[in-house]
Amino acid sequence: MIEPVLLSIKLAFVSTLVLLVVGTPIAWWLARSRSLWKEAVASVVALPLVLPPTVLGFYLLIALGPRGPLGRLVEAMGGEPLPFTFTGLVIGSVVYSLPFVVQPIRNAFEASGERPLEVAATLGASPLDRFFTVALPLARSGFLTGTILGFAHTIGEFGVVLMIGGSIPGETRVLSVAIYEHVEALEWPQAHWLAGGMLAFSFLVILAMTLANRRLGELRP
């Protein structure tokens, strides 16, 4: 019973790191750009909020499969097929949880305004210095919220991971899939333990996010 839990935590940890690396520049561009394409890009990022997880998982499965564009690219580079692998799960989780990380960080960047960056520029700070020493610290509440939401959302995902990963013990059988299989097999005690743990985890995530944001609000000058 512990194996799916550990695999889910590993998946959430890796996916959250990738989400922060990928999502931060996207959020920065969305917050600062005046491009006509900005809202179109924002809509693409937000698609997982309204798309059924199975639909997203289906198209990811096609894209990453041997006949899909990404699958052919990976094969041409000498890689193994990505569906039904842990790497495939990470890709699916990153795509599905992207808006939960990008939106809070974008909001935080927009809330900080232009003035602090303009002041730093007058003091001779380069664009890179202004980003790391001014923009990032001011957006810390957004990063905290995005990190917690991205991690928690990955832990609880079911549709996408089932479509793209299936249920391979030790490889793709994550917590949500394990709960489904226990219920399908009428193994109610095991399902209760795992589902109850998910319920407690979800409550603690919301509580931690609320308390952390309140604390950051008190520290903000």
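No lab work stands behind these numbers, since they all come straight from the coordinates. These figures come from a predicted structure and were not determined experimentally. Note that we place each Cβ from the backbone using ideal geometry, even for glycine, and neighbour counts take in every protein chain shown.
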- Task: For the range 2-219, build the charge dipole from Cβ charges (+1 Lys, Arg; -1 Asp, Glu) around the Cα centre, then report which of 52, 152, 122 sits farthest towards its positive end.
- Result: 122
- Can you tell me the relative contact order of the range 12-87? Whole percent, Cα pairs under 8 Å, sequence separation 6 or more. 14 percent
- Query: Got a sec? Charge dipole of the range 2-219, +1 on Cβ for Lys and Arg, -1 for Asp and Glu; which of 166, 41, 2 is way out at the positive end?
  - Reply: 41
- Message: For the chain, what does the helix formula give at 222 nm: sum of -39500 (n - 2.57) over DSSP H segments with n ≥ 4, over the residue count, nearest 500 deg cm²/dmol?
- Response: -24500 deg cm²/dmol
- Among 204, 97, 133, the residue whose Cα sits farthest towards the positive end of the charge dipole of the range 78-221 (+1 at Cβ of Lys and Arg, -1 at Cβ of Asp and Glu, taken about the Cα centre) is 133
- Could you point to the label whose value was computed as Rg and Dmax of the Cα atoms in Å for the structure here, given (1) 15.8, 47; (2) 19.6, 67; (3) 20.3, 63? (2)
